[in-house]
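Worksheet: the structure to be examined is printed underneath.
The values are calculated or read from the model by the stated rules, or taken from the named source; none is laboratory data. What you see is a predicted model; the values in this text were computed from it and never measured. Using ideal geometry, Cβ is built from the backbone for each residue, glycine included, and neighbour counts are taken over all protein chains shown. The accessibility values were calculated without ligands, DNA or RNA, using every heavy atom of the protein model including side chains. Shrake-Rupley method; radii C 1.70, N 1.55, O 1.52, S 1.80 Å.
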Protein chains: 2
Amino acid sequence: MPTRLSNYFLRTLREDPAEAEVVGHKLLVRAGYIRRQAPGVFAWLPLGLRVKARIEAVIRQEMTNAGAHEVHFPALLPREPYELSGRWDEYGDNLFRLQDRKGSDMLLAPTHEEVFTLLVKDLYSSYKDLPLAIYQIQDKYRDEARPRAGLLRGREFTMKDAYTFDYTDAGLDVSYQKQRDAYERIFTRLGLEYVIVQADAGAMGGSRSEEFLHPTPVGEDTFVRSAGGYAANVEAFHTIAPEPVPFDSLPDAVVHDTPDTPTIQTLVDKANAEHPRADGREWTAADTLKNVVLALVGLDGSRELVIVGLPGDREVDPKRAEVAFGPAEVEAATEADFAKHPGLVKGYIGPWSTDGSVLGEESATGIRYLLDPRVSVGTEWITGANAEGKHVFGLVAGRDFEGDGTVEVANVREGDPAPDGSGPVELARGMEIGHVFQLGRKYAEVLGLKVLDENGKLVTVTMGSYGIGVTRILAIIAELNNDEKGLIWPPAVAPFDVHVIATGKDPAILEVAEGVVAGLEESGQDVLFDDRPKLSPGVKFADAELIGVPTIVIVGRDAVEGFAELWDRRSGERTKVAIADLADALKA
Amino acid sequence: MPTRLSNYFLRTLREDPAEAEVVGHKLLVRAGYIRRQAPGVFAWLPLGLRVKARIEAVIRQEMTNAGAHEVHFPALLPREPYELSGRWDEYGDNLFRLQDRKGSDMLLAPTHEEVFTLLVKDLYSSYKDLPLAIYQIQDKYRDEARPRAGLLRGREFTMKDAYTFDYTDAGLDVSYQKQRDAYERIFTRLGLEYVIVQADAGAMGGSRSEEFLHPTPVGEDTFVRSAGGYAANVEAFHTIAPEPVPFDSLPDAVVHDTPDTPTIQTLVDKANAEHPRADGREWTAADTLKNVVLALVGLDGSRELVIVGLPGDREVDPKRAEVAFGPAEVEAATEADFAKHPGLVKGYIGPWSTDGSVLGEESATGIRYLLDPRVSVGTEWITGANAEGKHVFGLVAGRDFEGDGTVEVANVREGDPAPDGSGPVELARGMEIGHVFQLGRKYAEVLGLKVLDENGKLVTVTMGSYGIGVTRILAIIAELNNDEKGLIWPPAVAPFDVHVIATGKDPAILEVAEGVVAGLEESGQDVLFDDRPKLSPGVKFADAELIGVPTIVIVGRDAVEGFAELWDRRSGERTKVAIADLADALKA
């Protein structure tokens, strides 16, 4: 049975909805696919449900091909498992928490590692049961601080989350690769170009992690890649530390008066003007050591100051800092923080003063001091002398000062060398479309998932976790496939295969159109039939362009002579085709 | 591809799970269909998901046949629409409420009338758009006080909820009938016997309502039916009020001393012994008027006393009282309540005393007094004289006392006359499997859903609401289809069509079995294949009986001669069949 527009729950809008920020979202609302219910929470209209179902079908097929079994967990879960894993607290405000009528704490699950682990613990007990891959397609909840861009970052969203279980590291590698391969097939089938980038696995407690990003200039994520094949998101990028340099022959550090140098650039200018380098090379910002005071706010509300030393031509990248210091939140130090540490001379902070070490756990201030990897042994720096209006020149790392460790928070720049030696990186932007993690044994350990191995010994299971945001992918596809007239669905996910339009009020035309629709349905096409008798062709064409079914068939004046028009929504090309040849033409 | 038990996420249990109360639930857990996550909250394992998907497919097909369009709403919704309809409060503790990070009140929806109404208001504006039927299959939440019987009464459950929209009462009747017909087809296809009973529409604010009940002695609902075709649940049963009797010739009421009559029976005995009726007929409990003091607790916590007068041979039925007084909750009056009303003489409460009227809004106590319909004008009663140790005889309704109205809270009994004159009713028990409501204009009025009619006049839309509990139906089917060995699925909802068992360790048998499975799959059967190499036939048979696929094929020693055994799970009958004839035998 075709779906008839004369009797379909649909109303297209000519105006952009007020709440929509991005083009894909505007079109999904205007073309009658979704409607907003609350910030980041949407209802699905019939057209939208169809596209969602087609994406889910592709994912299910490839999960089955990868040997994964489908299960389904509730969204509403008890607190306990998430308490054991620490995520009840770690999720902070992002978790929807509630109490039932008896006062028991519950949550709306943002992801399900804990309960999948417990389920396998409940059912399985032997290495013979493994490997195991199970997945669900399910509605998840995350109380985003700023839900935005429609389905791209919602508070309720549909995810395919899969989990693998192995009892050896080698087994996990195989399971991980299978899921990774399935993801490649899924995105290829959905027509979504992707780049696989190394990602930080820290937050999930794991050892290896990769993101599938769709490269696009409007992407919200930044990633780096080299011509030699390296790709990583900025959080996962590792800086190559320079080899240590012997410093026996380096001159002693000298303190200079440097009043009126509020910025790195004014300091560099003064240095070049008043204290030029002996060899004539100009000082640059990269020769200065900038010491940035950060406050780390723990889950328990505790507040710790930490100072990071990095070259003056770099900034602290908030996302890299989040990874480096998570789960604590990173804030800039406040006046109140400084007031508690009179030993820090604002604007002139440095690791050293004429009185000795200033920064570091063993120092006068006792504040932890972490260094960018570029501040390696034997490197010389211009940095604050920890005295008003004074900087020290030629301060040598490893000789004059030491950090309490290194930290990767400096921003990554075009031209930085890829850590695998594959050459300089370029920066690009992308949208996350999938994420695969080797979780390792974190959840199994905490929740006690062990099996007997070949020798009858209890061993802790090692896990993987693999996610695709179904509704997010739908939004991305809409965002990438449209023009000023409306949506243009790739055939693999289109709500219908063909959109047949009967034009005019001539009953003869409508009769031919009915025959065309019946013939197309018989040949296996899913047809949306615009049989509305009272609308002008212009209105029908505009709706067809807005809705975005990839192939449109116009049955009009030539119908009685046996001809229709085949209209390719993407190219805009219209071709006159004999109705008898329509089914074949559509298959071509 | 067949599903292979050697590699399937399944573990059957030999022991009943501790938390299971009813047989169907025990078997669903033991056979690996579901696992409990929290009270009334379950995870679905692969077998369970399959059965659920088949039930949903039947429902979807019949909804499409009824012209309904599928949509999908979020479970997480804002408070406002439910505030406007009054249900934010009315649901009381049954509603899961929560706040988001910004402090906005939200809820997990127990049903979606409000937001469907608003969606249609958003999209439609003309009578030409109607009639409309839209539905969803979606996970709902209700914080039951006592979640029990597994999926039968869960706190998270899957429902098909449909809503119809019309602009005339006649249109609503047609839409209602279409949904009702679809329900009949659905239950017939699912093999679920049903009775359609009149139900109370009050709680949903509507005008007509029917329940589909599966009649079974273990049902949790009581309904009444007459041989003449009347059927209703007890909440909806209406008592025929006797015709008024002229009371001019009735004698005056007389007060008698009736000490030591703590029960109706002792009062009746004393009356017969000391004050026999003139005409010799014995007094019975039906001649006494019992006055029961109830406390109505409002949504706002208010507490109002009300007294109901009903024949002494009847009890207050809590479910009927709930309907009569809802949304207020009904409690028995406490000592504290009595203490506030010294005018009530406990054990001897009556509407009248020698000092005048005692009960009723205009009376000495001021307490609202509601009468059973049987207490009609001209009926004579023995009732409390509102004085310690005294009853009044021959008190005539309409002459000596009046109520503030009638109320239907007395229990219904076998033999009571059906209100439609179709004869005496019998009581039976059943399980609710569906519910259809004519909501009328309640939600449309509150939420402002109007359309322009043929004359360009704005008219308020009239609605219907139609629900089937998908997971509840699954539980009922499991409850009804099993034996001491395990589940026995009706073919329409079985997780697989055939369960093929290869017995023994002979590779030749396994090879034949592989061929059998491939052949069955080719003939369109969905096959579960027990290919586990190391298990005994006994273990495999026990698992097959527990899992409950209706047809089992055993490929054993005769396999190499070309024979298999066809095992009907329900009858237990086993037949030797030539493997070449298997596909045909299965179709038969």
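A few points about this structure:
- Qualifying residue in the range B:570-581 (condition: in contact (Cβ under 8 Å) with a residue 40 or more places away in the chain, open to solvent by less than 10 Å² (accessible area, probe 1.4 Å) and on the phi < 0 side of the Ramachandran plot): no
- B:ALA286 vs. criteria assigned to a helix (DSSP H, G or I), out of contact with any strand residue (DSSP E or B) (no Cβ under 7 Å at 6 or more places or on another chain) and not basic (Lys, Arg): no
- Qualifying positions in the range B:203-218 - open to solvent by less than 50 Å² (accessible area, probe 1.4 Å) and either assigned to a helix (DSSP H, G or I) or over 24 Å from B:GLU62 (Cβ atoms) (or both): B:MET204, B:GLY205
- Residues that are part of a loop (DSSP other than H, G, I, E, B) and β-branched (Val, Ile, Thr), drawn from the range A:237-270: A:THR239, A:ILE240, A:VAL245, A:THR258, A:THR261, A:THR263
Here is a yes/no grid of residues against (1) under 38 Å from the mean Cα position of the chain (by Cα); (2) open to solvent by 10 Å² or more (accessible area, probe 1.4 Å); (3) assigned by TED's automatic domain parsing to the domain that holds A:ALA295:
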{"site": "A:ILE349", "(1), (2), (3)": "yes, yes, yes"}
{"site": "A:THR354", "(1), (2), (3)": "no, yes, yes"}
{"site": "A:GLY360", "(1), (2), (3)": "yes, no, yes"}
{"site": "A:SER376", "(1), (2), (3)": "yes, yes, yes"}
{"site": "A:TRP381", "(1), (2), (3)": "yes, yes, yes"}
{"site": "A:ALA385", "(1), (2), (3)": "no, no, yes"}
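- Here the range A:173-188 is the region considered, the condition is being open to solvent by 60 Å² or more (accessible area, probe 1.4 Å) and either assigned to a loop (DSSP other than H, G, I, E, B) or not acidic (Asp, Glu) (or both), and the residue that is nearest to A:ILE473 (Cα to Cα) is A:THR188.
- When residues of the range B:387-398 are limited to those that are closer than 19 Å to B:HIS256 by Cβ and not in a strand (DSSP E or B), the one most open to solvent (accessible area, probe 1.4 Å): B:GLU388
- Residue in the range B:39-53 that is farthest from A:SER104 (Cα to Cα), counting only those that are of a type outside the set (A, V, I, L, M, F, W, C) and open to solvent by 30 Å² or more (accessible area, probe 1.4 Å): B:ARG50
- Cβ separations smaller than 7 Å between residues 6+ apart or across chains give the following pairs from the range B:1-15 residues that are farther than 16 Å from B:ALA43 by Cα to residues that are outside any helix (DSSP H, G or I) and open to solvent by 40 Å² or more (accessible area, probe 1.4 Å): B:LEU5/B:ARG532; B:SER6/B:ARG532.
- Screening B:PRO17 on (1) more than 10 Å from chain A (Cβ to nearest Cβ); (2) surrounded by 20 or more Cβ atoms within 10 Å (Cβ to Cβ); (3) at pLDDT below 95 shows it passes everything except condition (2).
- Each residue in the range A:104-134 was checked for being under 21 Å from A:ALA170 (Cα atoms), among the small types (Gly, Ala, Ser) and surrounded by fewer than 19 Cβ atoms within 10 Å (Cβ to Cβ), and 2 pass.
- Comparison of B:GLU70, B:GLU56, B:GLU90, B:GLU83 shows that the only residue that is more than 9 Å from every other protein chain (Cβ to nearest Cβ), open to solvent by 10 Å² or more (accessible area, probe 1.4 Å) and under 30 Å from A:SER6 (Cβ atoms) is B:GLU56.
- Beta carbons closer than 8 Å, at least 6 apart along the sequence or on distinct chains, pair a first residue in the range B:526-540 that is under 14 Å from B:GLY515 (Cα atoms) with a second that is open to solvent by 50 Å² or more (accessible area, probe 1.4 Å) and of a type in the set (Gly, Ala, Ser) for B:ASP531/B:SER6.
- With respect to being under 23 Å from B:ARG153 (Cα atoms) and in contact with a helix residue (DSSP H, G or I) (Cβ under 8 Å, 6 or more places away or on another chain), B:LEU76 falls outside the description.
- For the range A:505-521, the set of residues classified as open to solvent by 40 Å² or more (accessible area, probe 1.4 Å) and either basic (Lys, Arg) or under 42 Å from the mean Cα position of the chain (by Cα) (or both) consists of A:LYS505, A:GLU521, listed by residue number.
- Residue list for the range B:139-148, restricted to those being facing another protein chain (nearest Cβ under 9 Å) and either without any contact (Cβ under 8 Å) to a residue 24 or more places away in the chain or open to solvent by less than 30 Å² (accessible area, probe 1.4 Å) (or both): B:TYR141, B:ASP143
- Which numbered condition A:PRO491 misses (of (1) surrounded by 14 or more Cβ atoms within 10 Å (Cβ to Cβ); (2) over 26 Å from B:LYS128 (Cα atoms); (3) in contact (Cβ under 8 Å) with a residue 40 or more places away in the chain): (1)
- Checking each residue in the range B:249-303 for being within 30 Å of B:GLY86 (Cβ to Cβ) and at pLDDT below 90 picks out B:GLY298, B:LEU299, B:ASP300, B:GLY301.
- Only one entry of A:GLY191, A:GLY229 meets the criterion of being outside the structural domain of A:HIS391 (by TED's automatic domain parsing), within 17 Å of A:GLU426 (Cβ to Cβ), open to solvent by 40 Å² or more (accessible area, probe 1.4 Å) and not in a strand (DSSP E or B), and that entry is A:GLY229.
- Yes/no for A:THR365 being under 24 Å from A:ALA271 (Cα atoms) and over 31 Å from the mean Cα position of the chain (by Cα): no
- The single condition among (1) within 23 Å of the chain's Cα centre (by Cα); (2) within 25 Å of A:TYR466 (Cβ to Cβ) that A:ASP93 does not satisfy is (2).
- Filter result for A:ALA170 (within 19 Å of the chain's Cα centre (by Cα), at pLDDT 95 or above, over 23 Å from A:GLY421 (Cβ atoms) and of a type in the set (Gly, Ala, Ser)): no
- Yes/no for A:TYR135 being closer than 21 Å to B:PHE157 by Cα, at pLDDT 95 or above and among the aromatic types (Phe, Trp, Tyr): yes
- Among the residues of the range B:119-130, at least one is under 20 Å from B:VAL436 (Cα atoms), more than 9 Å from chain A (Cβ to nearest Cβ), in contact with an Asp or Glu (Cβ under 9 Å, 6 or more places away or on another chain) and not hydroxyl-bearing (Ser, Thr, Tyr).
- In the range B:20-38, residue surrounded by the most Cβ atoms within 10 Å (Cβ to Cβ) [restricted to those that are more than 23 Å from A:PRO81 (Cα to Cα) and away from chain A (no Cβ under 13 Å)]: B:LEU28
- One residue stands out in the range A:232-259 among those that are open to solvent by 70 Å² or more (accessible area, probe 1.4 Å), of a type outside the set (A, V, I, L, M) and in contact (Cβ under 8 Å) with a residue 60 or more places away in the chain: the one that is farthest from A:ALA387 (Cα to Cα), namely A:HIS238.
- Residue satisfying condition, being part of a strand (DSSP E or B) and either over 25 Å from A:LYS587 (Cβ atoms) or under 42 Å from the mean Cα position of the chain (by Cα) (or both), within set A:LEU535, A:LEU546, A:LEU528: A:LEU528
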